[in-house]
Amino acid sequence: MGTSERWSPDSWRAWPSEQQPEWPDPDALEAVVAQLRALPPLVFAGESRQLRRALAGVAAGDAFLLHVGDCAESFRDLSAPRIRDNLKIMLQMATVLTYGAALPVVKLGRVAGQFAKPRSSPTERVGGLELPSFRGHIVNDDAPEAGARVPDPARLLQAYHQSAARLNLLRAFTKGGFADLRQVHLWNLEFVARSSEGRRYEGIARGIDDALRFMTACGIDLEREHQLHEVDLFTSHEGLILPYEEALTRRDSLSGDWYDCSAHLLWIGERTRDPGGAHIEFFSGVENPLACKLGTAANGDQVVALCERLDPERDPGRLTLIVRLGADGVEDLLPPLIRAVREAGHPVIWACDPMHGNGLLTPEGVKTRRFDDIMRELRGFFRVCRAEGVWPGGVHLEFTGDDVTECVGGVEPVSEGDLGVHYSTLCDPRLNAKQSLDVAFQVAELLAPGRPRR
Ligand code: PEP
Ligand code: CO
């Protein structure tokens, strides 16, 4: 690696860093970092390399990236049913996309470590109170009182153990039979199965049953085909709290390269992507596949500078650019970014996050997003990619397997008046299970075979 003479897991400390909490006791923080450094990695570098190869397939236009999960995982919500239900939705979405678009789907969760939240302002108003902002459970608590908002480094250790527990169950489910394609009906949650999206999904599930029976009748031994019985699910989170990421960064004994072993892929958020900042310095030195969010302020020169820092070798699968430009912005703002990156020769994956550019506040001050805006941004993204001759490589969504009412609209529409019914997000409004499935059906149509790939 060209950066190895000057890069080390702590070299970011000499760079200006955004969004780092003000830890009240820096020695306590360093003591926790030392403890984390002595704990085993959460993922194995070989798995990150496997994801990077799968993403190279996406960069080549031969696969599609499904990058989904909660906005902010909660320490209070470490339950098997929650982990299982979120996985069910992800498997359903992946099934709809694989079946509808006849393409391999790379499954990447915002999961098992998505505990840190960047905030636009250091304080927020809750009720009548002005409080330090909630920064995710890896930093502080969301309770509306000043004491709960003080950053506590012990939370870094809790985040590690919570991630390990979540990842352990996900590995068990995805490798132990739950994700077997013969279970395709079981992934339909009861309240989803009764909806029109759920019935549409059942149609696909029956088609898969028929295909499996047909292959058996042809003499194919399905037991031997491990791809039918297990799923590769990769983990990711926003790499925000740098002491935590540094502590989990290890030199791989096989390749000698550095990997951030807190997750398979790390992404850099819209607020921390300055090419001269600590986050880009840190991630430039690890060999994980990376992603970077791009909002409306991004311009071609900046994005090319980012690509130079994160992908100097121009290696397909290394870097995914996740654009979140808003339904009204995507068609004007995306073409110049694509052209600049293409001209500079970086083989990035272009993915669309139609959530973070479409936030709005209701007159009552509730954060929401309109399902129609989400779909409008996705359609705009596909149109631009096709017009510019690049592969629309993936979607990035915030969802939950719960029957929440946080985003308005959808086939069985959630109205603004419904927002109070079941609104439980810690941060941004998420698609519920039915809305997520609906997005998957519509994206599958946008990707459908017969449409030009490139
Ligand atoms: C997020 O993905 O939760 C997020 C904060 O995104 P962005 O950095 O794009 O605002
Ligand atoms: Co969010």
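FYI, it's all coordinate maths here, none of it is from the lab. Here the structure is a predicted model, which is why all the values come from computation and not from measurement. No Cβ is skipped: glycine too gets one built from the backbone with ideal geometry, and neighbour counts run over all protein chains shown.
Values computed for the structure shown
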{"quantity": "Modelled label reach - residue 232, point 7 Å along Cα→Cβ, the range 49-77 residues with backbone N closer than 16 Å", "calculated": "49-67"}
{"quantity": "In nm, spacing of pseudo-spin labels at residue 206 and residue 44 (7 Å Cα→C-beta vector)", "calculated": "4.2 nm"}
{"quantity": "Net lengthening on full extension, residue 299/residue 193 (0.36 nm per residue, minus Cα-Cα)", "calculated": "33.8 nm"}
{"quantity": "The range 178-247 - Rg and Dmax from Cα coordinates, angstrom", "calculated": "18.1, 56"}
{"quantity": "Antiparallel bridge percentage (DSSP; both residues within the chain; nearest 5)", "calculated": "25 percent"}
{"quantity": "Length added when fully stretched, residue 31-residue 186, from 0.36 nm per residue minus Cα-Cα", "calculated": "51.3 nm"}
{"quantity": "Residues 268, 220 arranged by fewest to most Cβ contacts within 10 Å", "calculated": "220, 268"}
{"quantity": "Neighbour-count ranking [beta-carbon atoms within 10 angstrom, fewest first] of 367, 107", "calculated": "367, 107"}
{"quantity": "The range 254-278-the range 141-156 distance, computed between alpha-carbon centres (Å)", "calculated": "25 Å"}
{"quantity": "For the range 309-359, diffusion coefficient by Stokes-Einstein and Kirkwood Rh (Cα), 37 °C, 0.692 mPa s, µm²/s", "calculated": "279 µm²/s"}
{"quantity": "Gyration tensor verdict on the range 122-250 (Cα atoms; rounded if a/c is under 1.5, prolate if a/b is larger than b/c, oblate otherwise)", "calculated": "oblate"}
{"quantity": "Positive dipole terminus of the chain, leading residue within 172, 366, 268 (C-beta point charges)", "calculated": "172"}
{"quantity": "Two-site label geometry, residue 148 and residue 124: point separation in nm, points 7 Å out along Cα→Cβ", "calculated": "1.1 nm"}
{"quantity": "Least to most buried among 12, 7 (fewest other Cβ within 10 Å first)", "calculated": "7, 12"}
{"quantity": "Dimensionless Rg ratio for the range 1-128, taking C-alpha atoms and the 2.2 N^0.38 Å reference", "calculated": "1.39"}
{"quantity": "Nearest-20 debye value, the range 283-352 charge dipole, Cβ charges on Lys, Arg, Asp, Glu", "calculated": "100 debye"}
{"quantity": "Inter-site label distance for residue 366 and residue 418 at 7 Å from Cα along Cβ, in nm", "calculated": "1.1 nm"}
{"quantity": "Count of lysine pairs in the chain with Cα separation under 18 Å (8 or more residues apart, or interchain)", "calculated": "6"}
{"quantity": "Magnitude of the charge dipole, the chain, Cβ model with Lys/Arg +1 and Asp/Glu -1, debye to 20", "calculated": "1000 debye"}
{"quantity": "Scattering profile of the chain at q = 0.06, 0.08 Å⁻¹ [log10 I(q)/I(0), Debye over alpha-carbon scatterers]", "calculated": "-0.24, -0.44"}
{"quantity": "Pairwise centroid distance, computed over Cα atoms, of the range 14-72 with the range 345-372, Å", "calculated": "22 Å"}
